[in-house]
Amino acid sequence: MDGSSLEYDSDTCTALQREEWEVLESIHPDCLSGDPLKGLIRLEVPVDLPDSTEVLVTNDRSIETGSSSTSQSPCPPRTLSLTTLPPILLDVCLPSTYPYTPPQIRAVHATYSWLSLNGPDLRELLAGKWEEGQGVLYIWVESIRSGEFLDDLGMRTTTKGRPIVRISHPTPALLYPSLEGYNSSTQAARFSQNSYECEVCMTSIKGARCVMLSCSHVFCRSCLEDFWGLCIREGDVGRVGCPDPECVKEHREATEEEVRRVVTEEEILRWKWLRMKRALEKDPTLVHCPMALCQTPVSRPQNVEDGSPWERLRTCPECGYSFCAYCKRTWHGPVANCPISATKAILQEYMALAEGSSQRKMMEARYGRSTLQRLVTEYEEERAFHEWLERCTGTPCPGCDLRVEKHSGCNHMTCIKCGQHYCYRCGERLDRWHPYKHFSTPGLRCFSKLFDFESIDNEWQPVEGFDVI
């Protein structure tokens, strides 16, 4: 110790060091290690960034000593959206006369080496913040934790009101997964430690027993298990999503990763099957493969113009069978018409003959009277069924041609198969956001016809003996 250090009272310095250390331990206990009284401490401080800060990692070509290659980087610059950066480690030596003499930073290291050693020196920047007689450790910790040092080193800029942190690294491809992995693990640790109020059961529960969806809404795991499990069992996969009212209005559905975190493997398989089934049912061009052992759904081929004869062609992706979507027979080309089935041709010929005629008796002897009568019965039932559809089910859905029967209620229909909004009276497609404009706009054919009212003749029926009372 030189002569100038003898001027400082050792007890006073020790007391100031201990006081500063206790304050740091109460605020940032996870950032400190070592013993200040022994003169050696370590600060391990993560860098907190504002919400969704963009981090741009570029290739540092300056480390290639003796090379003037102008070849492009094998990994182009990539932007990450992060909320925290890996911690910076400071090995600090505290002299016995601190804080009247400056502390010495022996080593600076950034976890995963994301902080470049080229350019401005963080060690010099932190050393310049010391003032005689004033503790500087808390200032160092806050400068790193808040990311203030990024501004001082010129690593953070603002573009269109959004902060961007630029990191120069020799191997960006190796740094990307490290930064993303640390950011995810830090967010998960913070989430599990905090308590959140479930919007379903209105109970405050630790984050370890909750699930945060991609829309940032938080629900307890048990509520989502009950709700999503019920929806999957009932086949209503459209409701397997965020239960928040705003997300329900937007029809936001959960991703596969979110569903896997909540329900069982059997429910996952059923959920995926129901989603595939729903997607296929919404396709109006869907035709099932006519092969009895296949029955795979086949959609219309891509890049085919509407009205083209090639739109009838279907090729099964499973068995490879090419067939016509109209007659379900082997593909007969775009020019040839669909052949009439032999059964239908025989039936039409039989029904055209007069009852009791010799030709009709000859056909009955050839094909069997009971067989022909059965075919006639099936034909009559099919025709009656189609007539009933035309008479009782109203206009079919303009999206998928599905017919429904309306018993009561308004004429605004929402197709359960394809989700199309349409008018039950005229079949016109309706705007899903303003469906009732079709019934409230003067001049339209369904104006003021949201409901169909039928007048009842002689609605008043007098009660016998009423006049005597």
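Need one value: the accessible area of S216 in square angstrom, 1.4 angstrom probe, rounded to the nearest 10.
Estimated to the nearest 10 Å², S216 gives 80 Å².
Leaving ligands, DNA and RNA out of it, rank M362, M413 by accessible area with a 1.4 Å probe, largest first.
So the residues, ranked largest to smallest area, are M362, M413.
My understanding is that a pair violates if its Cα-Cα distance is over 22 Å; which of K277/K406; K344/K417; K249/K282; K206/K249 do that in this structure?
The pairs that break the limit, which is 22 Å between Cα atoms, are K277/K406; K344/K417; K206/K249.
Report in % the part of the accessible area of segment 160-209 that belongs to carbon and sulfur, leaving out ligands and nucleic acids; probe 1.4 Å.
Values: 1630 of 2980 Å².
Looking at segment 160-209 in its full context, I get 55 percent from C and S.
From zero outward in steps of 20 Å, how is the percent of C-alpha pairs of the chain spread across the bins?
14, 28, 27, 17, 10, 3, 0
Leaving out ligands, DNA and RNA but keeping every protein chain, what accessible area does K249 have, in Å² rounded to the nearest 10, with a 1.4 Å probe?
Accessible area, nearest 10 Å²: 130 Å².
Whenever you get a sec, line up Y112, Y422, Y326 from highest to lowest accessible area (probe 1.4 Å, protein heavy atoms). Don't jump to the answer; show the numbers that get you there.
Details: Y112 110, Y422 5, Y326 150 Å².
Per-residue accessible area, sorted high to low, gives Y326, Y112, Y422.
What does the accessible area of H386 come to, in Å² to the nearest 10, when a probe of 1.4 Å is used?
90 Å²
Provide the descending list of Cα extents for segment 287-385 along its principal axes, expressed in whole angstroms.
Principal-axis extents of segment 287-385 (Cα, largest first): 54, 29, 26 Å.
As a test, work out the antiparallel percent of DSSP beta bridges whose residues both lie in the chain, rounded to the nearest 5.
Of the beta bridges lying entirely in the chain, close to 90 percent run antiparallel.
With every protein chain kept in the model, how would you rank T343, T186, T84 by accessible area, 1.4 Å probe, largest at the top?
Heavy-atom accessible area, descending, gives T343, T186, T84.
Treating the beta-carbon of each Lys and Arg as +1 and of each Asp and Glu as -1, no other charges, what is the dipole magnitude of segment 196-282 about its Cα centre, to the nearest 20 debye?
200 debye
Which semi-axis lengths, in whole Å and largest first, follow from the square roots of five times the eigenvalues of the Cα gyration tensor of segment 340-422?
Values: eigenvalues 332, 32, 16 Å².
Taking √(5λ) for each Cα gyration eigenvalue gives 41, 13, 9 Å.
Multiply the residue separation of E25 and D401 by 0.36 nm, subtract the distance between their alpha-carbon atoms, and state the gained length in nm to one decimal.
Answer, rounded to one decimal: 128.3 nm.
Nothing charged except the Cβ atoms of Lys and Arg (+1) and of Asp and Glu (-1): what's the magnitude of the dipole of the chain about its Cα centre? Round to the nearest 20 debye.
2880 debye
Could you tell me what fraction of 2.2 N^0.38 Å the Cα radius of gyration of segment 206-254 comes to, as a two-decimal ratio?
Against the compact-globule rule of thumb, the ratio is 1.10.
Take the solvent-accessible surface of the protein heavy atoms, probe 1.4 Å, and return the percent of it on segment 222-315 that carbon and sulfur atoms account for.
53 percent
May I ask you to give the solvent-accessible area per residue for the chain, in square angstrom, as obtained with a 1.4 angstrom probe?
Dividing the accessible area of the chain by its residue count gives 63 Å².
Per 0.36 nm of contour for each residue apart, how much would the distance between K361 and S222 grow if the chain were fully extended, relative to their Cα-Cα spacing?
On the way: separation 139, 0.36 × 139 = 50.04 nm, distance 7.26 nm.
Length gained, K361 through S222: 42.8 nm.
If r is the Cβ-Cβ distance from D283 to V108 and R0 is 51 Å, what FRET efficiency results, to the nearest 0.05?
0.25
Can you give the alpha-carbon Rg of segment 393-452 over 2.2 N^0.38 Å, where N counts its residues? The partial results should precede the final answer.
On the way: Rg = 10.7 Å, N = 60, 2.2 N^0.38 = 10.4 Å.
The value comes to 1.03.
The values are calculated or read from the model by the stated rules, or taken from the named source; none is laboratory data. Please read all numbers here as calculations on a predicted model, not as lab measurements. With ideal geometry, Cβ positions are generated from the backbone for all residues, glycine too; neighbour counts draw on all protein chains shown. Areas reflect the complete protein model, heavy atoms only, side chains present, ligands, DNA and RNA absent. Shrake-Rupley method; radii C 1.70, N 1.55, O 1.52, S 1.80 Å.
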